[in-house]
1. Is it fair to say B:ASP24 is within 26 Å of B:ASP218 (Cα to Cα) and without any contact (Cβ under 8 Å) to a residue 40 or more places away in the chain?
2. In this structure, does A:ILE148 turn out to be more than 11 Å from chain B (Cβ to nearest Cβ) and surrounded by 19 or more Cβ atoms within 10 Å (Cβ to Cβ)?
3. Out of A:MET172, A:MET128, A:MET141, report the one residue that is in contact (Cβ under 8 Å) with a residue 24 or more places away in the chain, within 14 Å of another protein chain (Cβ to nearest Cβ) and farther than 21 Å from A:ASN271 by Cβ.
4. Any residue at all in segment B:445-458 that is over 30 Å from B:GLN274 (Cα atoms) and out of contact with any Pro (no Cβ under 7 Å at 6 or more places or on another chain)?
5. For B:LEU285, state whether it is at pLDDT 85 or above and out of contact with any Gly (no Cβ under 7 Å at 6 or more places or on another chain).
6. Which residue is surrounded by the most Cβ atoms within 10 Å (Cβ to Cβ), if the candidates are limited to segment B:383-398 and must be β-branched (Val, Ile, Thr) and more than 7 Å from chain A (Cβ to nearest Cβ)?
7. (1) in contact with a strand residue (DSSP E or B) (Cβ under 9 Å, 6 or more places away or on another chain); (2) at pLDDT 80 or above: which one isn't true of B:ASP291, the others all being true?
8. I'd like the full set of residues that are more than 8 Å from chain A (Cβ to nearest Cβ) and surrounded by 23 or more Cβ atoms within 10 Å (Cβ to Cβ), limited to segment B:352-382.
Amino acid sequence: MSTIEEQGTSLWQDAWIKLSKNYLALFGLAIIVLLCVVSVLTPWIAPYGYEEQNLLLGATSPSAQHWLGTDIFGRDMLTRIMYGGRVSLTVGFIATAVALVIGVLWGAIAGFVGGRVDAVMMRIVDIMYALPFMIFIVLLMVVFGRNILLLFGAIGAVEWLTMARIVRGQVMALRKQEFVEAAHSLGLSQWTIIRRHIIPNTLGPVIVYTTLTIPSVMLLEAFLSFLGLGIQPPQSSWGLLINYGVETMEEFPWLLIFPGVTLSLTLFALNFLGDGLRDALDPRTSKD
Amino acid sequence: MALLEVNGLKVYFHTRNGVVKAVDDVSFTVDRGETLAIVGESGSGKSVTCYSLLDLLPKPPAKIEGGTALFDGEDLLRCGAKRMRHYRGNDIAVVFQDPMTSLNPYISIGEQLIEPLIYHPDNQRKQSREDARARAIELLVEVGIINPQARFDCYPHEFSGGMRQRVMIAMALINEPRLLICDEPTTALDVTIQAQILELIKKLQQTRDVAVIFISHDLGVVAGIADKVLVMCEGTIREAGDTDAIFYHSQNDYTKKLLNAIPEGAKTLPSRLQADNLLVEVTNLKTHFIDHSKAGRQHKVIKAVDGVSLAIQRGEILGLVGESGSGKSTLGRSILQLAPTTAGQVSFDGNPLTGLDSKQMVPWRRKMQMIFQDPYASLNPRMTVYQTLAEPLLYHGLANSKNIEQQVRQLMDDVGLAHGQMRKYPHEFSGGQRQRIAIGRAIATKPELIIADEPVSALDVTIQAQILDLILDLVERHNLTMLFISHDLSVVRCISDRVMVMNKGVIIEQGDTETLWKNPQQAYTQQLLKAIPIADPRLERSRLSNL
């Protein structure tokens with residue numbers, strides 16, 4: 001089967017050619033890459049330490065020393081946002097990846113096999129939906145203790161539900177298509193059919209939903225951290241910064257504005273990139 | 001003065017890939033009591049022409065670039081939206097192709113019928129509910145709905161396709177239009193129903209003295225119903241004239257090509273049947289489904305295939321005809337074990353296939369392949385021609401990474417595709433070329449049996465002729481045995497050695513093609529054969545008057 005794959009890279013090559021002509025998507029990609037590079041290099045390039053307090057300074061508005069101002073403990077906001085990006089981006093990407101893998105596989109199998117398997121798998125999804133999220137997380141924390149990996153797992157384990165439903169719906173429609181029946185009549189195994197004929201054709205909605213999941217995961221992390229279940233101060237994340245910013249919005253608006261702008265920028269970039277990818281991966285859109 | 005006079009109509013589509021001249025300088029006239037047929041293949045602009053008259057095209061991308069369309073002296077193309085609403089449904093009505101989707105499933109048909117009477121914005125004949133109801137019931141009687149009082153409150157799903165098309169026609173007629181546009185009104189219907197609907201349209205046109213524009217790709221249908229014919233291709237008129245003149249004395253190459261492409265007559269190639277060499281044997285096969293769509297606890301069992309026995313000899317082309325819902329497709333899929341069978345046996349080359357699980361089926365899958373109806377749905381849109389054709393070869397180990405490319409080229413030669421198109425995706429091909437790709441995939445594993453399920457039904461008539469030639473050629477060169485499933489009796493006649501007629505899940509008659517054609521035994525077969533339209537106006541008129 002490897003030969004097909006080697007020859008089959010053309011879908012991705014085509015996608016790259018098309019993406020490189022979509023300036024909005026390229027802009028999005030550039031922003032994401034920039035954010036990732038900055039996050040990786042933060043310990044070396046950050047102007048201050050992330051827990052470096054200056055209580056005498058207190059909250060000051062942006063100045064030459066502190067470009068984005070300082071928070072109520074006199075900590076540099078730029079530094080806090082840079083360190084926060086490390087956490088937020090990691091949570092965003094890893095938890096979404098977890099959700100993506102589980103959700104797509106679960107949905108594809110349920111939708112493709114159908115019948116009782118589908119019924120059982122989707123009832124499990126329903127039960128998970130019905131389970132109060134808070135209780136689920138608290139339970140995990142109690143059993144496993146507080147752990148950043150657990151955080152990824154817990155968020156991922158909640159976010160995949162919707163993904164599974166979307167993919168299942170797509171697959172049920174695809175399953176009836178004649179090209180899938182043709183694959184059956186060629187004698188391809190179920191798994192090969194799912195992998196080669198079903199999943200690639202669900203890419204469009206999956207990509208769009210993924211770009212929506214990443215920011216929502218980042219906010220979920222903030223919510224958990226706010227409850228004391230996620231990241232703990234003095235560590236920071238964008239979500240946490242925004243939460244604190246909201247509390248002091250009236251006196252020190254820059255504490256809300258700058259993390260907010262950063263998160264929005266990421267969100268825009270992801271959406272542009274997602275739309276671009278969806279079009280680029282659809283062979284029906286023209287290459288020129 | 002003619003009722004409708006179209007002059008120099010130009011409709012262009014402004015798309016991302018440039019301007020498409022969908023209709024380019026088209027002129028024609030239609031008078032009261034006259035039927036004008038517009039014939040052409042898909043993409044010829046025949047529907048766009050008519051929809052532009054009623055301003056039913058999406059704008060953009062469509063733009064009317066020029067011309068006039070005088071209806072009773074007023075130009076429809078420049079009359080403005082308000083005036084257009086007055087014309088639509090009132091003076092000019094449309095019957096659409098698909099009766100399944102052109103009725104609202106949530107509103108009873110009676111309610112939909114009286115809608116234009118009660119709600120049409122500037123209806124002089126605006127009337128009370130009771131009067132409207134009485135009027136609608138009158139019309140239902142006229143279009144041949146039995147027991148209209150009771151049927152008035154029924155919902156569309158309670159009607160069959162033919163009955164729905166009758167309702168659609170009643171709906172079009174309710175405001176007594178002077179021009180009726182029928183856009184392929186019988187294409188989605190079975191041949192026996194088609195004959196009834198055509199007869200109805202003809203009768204209504206005569207009694208009501210309306211003008212009819214009849215859009216169709218089927219020259220047989222046109223022959224019987226039209227007074228004048230307009231042949232369109234690529235947005236332009238290729239030929240126009242009286243029906244007889246077009247059919248008997250055509251001067252135009254394209255018209256001649258269309259007429260020549262109509263399948264008629266018997267198979268000309270000799271049968272390659274090898275007697276006493278049984279390839280497929282089916283005994284008492286039953287495939288039943290449970291219909292989950294009905295609410296409540298009692299599931300209705302649909303007996304799609306209900307006790308079929310048949311034998312396919314090596315080398316023959318066996319035709320299987322039947323109307324929609326007769327179970328012919330399910331039978332084909334059941335033989336290939338693609339549909340779960342309920343009872344009975346299928347054996348291939350002496351080996352029983354029923355009861356094998358999907359793993360045990362794999363070696364047999366290689367030897368029997370399927371060609372599907374819709375070349376748009378039967379190819380994975382995300383796989384290139386190369387990937388589609390290479391997949392079966394690599395999966396069954398018939399090629400390795402060294403000779404795969406050469407093997408795919410060979411397959412492309414076999415089905416008449418240029419090598420340069422190897423890396424293209426399905427959407428870059430026309431319907432006929434896609435069907436060639438699908439056929440290439442089916443013969444890739446060098447199968448012995450091919451089941452072709454309506455392989456040419458979605459194709460234009462000239463393309464259809466080419467694909468049929470290709471199929472015959474491949475059967476010859478690759479020693480194939482074929483089960484050819486179709487609702488189109490003329491196609492089946494010109495390709496098969498032997499024919500089976502299927503109705504309601506059982507085979508009611510079978511025999512040598514020509515013998516069966518000349519001397520059908522069952523009443524159903526006789527009725528079916530009588531309903532086939534003939535692309536010869538004189539014969540077709542006499543056929544219709546004898547029905």
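1. Details: within 26 Å of B:ASP218 (Cα to Cα): yes; without any contact (Cβ under 8 Å) to a residue 40 or more places away in the chain: no.
No, not satisfied.
2. Numbers: more than 11 Å from chain B (Cβ to nearest Cβ): yes; surrounded by 19 or more Cβ atoms within 10 Å (Cβ to Cβ): no.
When the stated conditions are applied, A:ILE148 does not pass them.
3. On the way: A:MET128 fails: within 14 Å of another protein chain (Cβ to nearest Cβ); A:MET141 fails: within 14 Å of another protein chain (Cβ to nearest Cβ).
Step by step, each of A:MET172, A:MET128, A:MET141 is checked, and only A:MET172 is in contact (Cβ under 8 Å) with a residue 24 or more places away in the chain, within 14 Å of another protein chain (Cβ to nearest Cβ) and farther than 21 Å from A:ASN271 by Cβ.
4. Residues of segment B:445-458 over 30 Å from B:GLN274 (Cα atoms): B:458.
Those still in the list that are out of contact with any Pro (no Cβ under 7 Å at 6 or more places or on another chain) too: none.
No, segment B:445-458 contains no residue that is over 30 Å from B:GLN274 (Cα atoms) and out of contact with any Pro (no Cβ under 7 Å at 6 or more places or on another chain).
5. Taking the combined requirement at face value, the residue does not satisfy it.
6. First, the residues of segment B:383-398 that are β-branched (Val, Ile, Thr): B:384-385, B:388.
Narrowing the set further to residues that are more than 7 Å from chain A (Cβ to nearest Cβ) leaves B:385, B:388.
Working: B:VAL385: 27, B:THR388: 23.
The residue in question is B:VAL385.
7. (2)
8. B:ILE371, B:PRO375
The values are calculated or read from the model by the stated rules, or taken from the named source; none is laboratory data. If you're wondering where the values come from, they're calculated on a predicted model, not measured in any experiment. Quick reminder, even Gly has a Cβ in these numbers, built from the backbone with ideal geometry, and neighbours come from all protein chains shown.
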